[in-house]
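Reading through the structure tokens given below for one structure.
The values are calculated or read from the model by the stated rules, or taken from the named source; none is laboratory data. These numbers come from a predicted model, not from an experiment. So basically every Cβ, Gly included, is an ideal-geometry build from the backbone, and we count neighbours across all protein chains shown.
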Amino acid sequence: MTLDLRDIAVRFGATTAVDDVSLTVDAGEVIALLGPSGCGKSTLLRVIAGLQRLDAGSVSLDGHDITKAPTHTRDIGLMFQDHALFAHRSVEQNVDFGLRMRKEAASVRRARVDELLALVGLPGFGPRPIDGLSGGEAQRVALARALAPNPRVLLLDEPLAALDRSRREQLTDELRRLLRTLDQTTIHVTHDQEEAFAIADRIVVMNKGRVEQVGSPIEVWSRPQSAFVAEFFGHTVADVDGERCVIRSDAVAVDPGGEPMRIVDVIFRGDHHEVRVVDEAGREHRLAVDEPPVVGTEVNVAIDPAAVIALPG
């Protein structure tokens, strides 16, 4: 199974929401569309699902052009952030909705519902009403419903964004294991970097409707190919010896023999303190320390040259 997007463009009046995007997704691959709000990632997802008309480009699945195919014929599962469950139906009736639309036998539907509820950690939840579920349970039911018809491609649009941080981290781990277990081809939209790193085989970083970079999580983080990608991941972009470079966040460390830099801010991050310092050229850098220093004082800092990367062009 291969999903091919070629030269996709979507415009809303004078605004270009998706601008000349091409991407190939292989069978079993988990892709994260990552970027800030308004960058076009959800619009691109809706294009794949058949919910958004194209102004240019094409969508193909297994070599067949589905650009103009109705949503219900694409064999694609879709899960939104608000999960959109049917409140008047039970958990089981929600999960087997797609199977009913395909006119599967009752015994087949029942077996598939039981299988998926067990996979998402909700065994025995079939008879329960939707309005009695917690936020995390509702997300699991929505995921089971999207997976029930065994779609060729699963589309997830910010599925964990509405959850609190601890629940989101828990479900991120569960989602990663589930997608690997099912070998499910998936495109996952998120603005959360940690979520994308944990789930995806490859990350597509988007900005203003365009693809800035595609690569594995370690590739896009450690070797950003544009100033936007570098700064999106918390690195510093600066001129070094006349060349535009990325100074990665892991390049900077306290070193008694290093350059003195002024501390301008200290932020507690739970397992460390993030210290922001400014060098003589006015460039800001970030480093992690255990004990918080005093803002306004100086600290000696060294920059690892191996973590300073020249930007293309």
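Taken together, the residues in segment 198-214 that are under 13 Å from the mean Cα position of the chain (by Cα) and in a strand (DSSP E or B) amount to 6.
Applying the selection to segment 7-44, what residues are over 24 Å from Phe197 (Cβ atoms), of a type in the set (Gly, Ala, Ser) and touching a residue at least 12 places away in the same chain (Cβ under 8 Å)? Ala9, Ala17 - these are the residues of segment 7-44 that are over 24 Å from Phe197 (Cβ atoms), of a type in the set (Gly, Ala, Ser) and touching a residue at least 12 places away in the same chain (Cβ under 8 Å). Considering only residues in segment 117-136 that are within 14 Å of Phe86 (Cα to Cα) and touching a Leu at 6+ places or on another chain (Cβ under 7 Å), the one that is surrounded by the most Cβ atoms within 10 Å (Cβ to Cβ) turns out to be Ile130.
So that you can scan it fast, the table gives a plain yes or no per residue for (1) more than 21 Å from the chain's Cα centre (by Cα); (2) hydroxyl-bearing (Ser, Thr, Tyr):
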residue	(1), (2)
Glu231	no, no
Thr236	yes, yes
Gly242	yes, no
Pro256	yes, no
Val264	yes, no
Gly270	yes, no
Val278	yes, no
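Name the strands (runs of 3 or more DSSP E) wholly within segment 219-305 that hold at least 2 residues that are in contact with a Ser or Thr (Cβ under 8 Å, 6 or more places away or on another chain) and of a type outside the set (Asp, Glu)? In segment 219-305, 243-247, 252-268, 284-289 are the strands (runs of 3 or more DSSP E) which contain 2 or more residues that are in contact with a Ser or Thr (Cβ under 8 Å, 6 or more places away or on another chain) and of a type outside the set (Asp, Glu). Once segment 130-145 is narrowed to residues that are part of a helix (DSSP H, G or I) and free of Cβ contacts under 8 Å to residues at least 24 places away in the same chain, the residue that is nearest to Leu175 (Cα to Cα) is Glu137. With respect to the stated conditions, Thr236 is touching a strand residue (DSSP E or B) at 6+ places or on another chain (Cβ under 9 Å) and over 30 Å from Leu119 (Cβ atoms). Being assigned to a loop (DSSP other than H, G, I, E, B) and over 26 Å from Thr71 (Cα atoms) is not true of Leu171. Of the residues making up segment 255-293, those that are among the aliphatic types (A, V, I, L, M) and either in contact with a Lys or Arg (Cβ under 8 Å, 6 or more places away or on another chain) or at pLDDT 90 or above (or both) are Met261, Ile263, Val264, Val266, Ile267, Val275, Val277, Val278, Ala288, Val289. Is it the case that some residue within segment 229-249 is polar (S, T, N, Q) and modelled with pLDDT of 95 or more? Looking for residues that are polar (S, T, N, Q) and modelled with pLDDT of 95 or more, one finds none in segment 229-249, hence no. Out of Asp26, Asp62, Asp75, one residue alone is in the same structural domain as His191 (by TED's automatic domain parsing) and more than 22 Å from Arg102 (Cβ to Cβ). It is Asp26. Of the strands (runs of 3 or more DSSP E) that lie entirely inside segment 1-62, those containing 3 or more residues that are surrounded by fewer than 20 Cβ atoms within 10 Å (Cβ to Cβ) and not small (Gly, Ala, Ser) span 2-12, 15-26.
Given the condition farther than 29 Å from Glu231 by Cβ and hydrophobic (A, V, I, L, M, F, W, C), answer yes or no: does some residue in segment 6-21 qualify? Scanning segment 6-21, I find no residue that is farther than 29 Å from Glu231 by Cβ and hydrophobic (A, V, I, L, M, F, W, C), so the answer is no.
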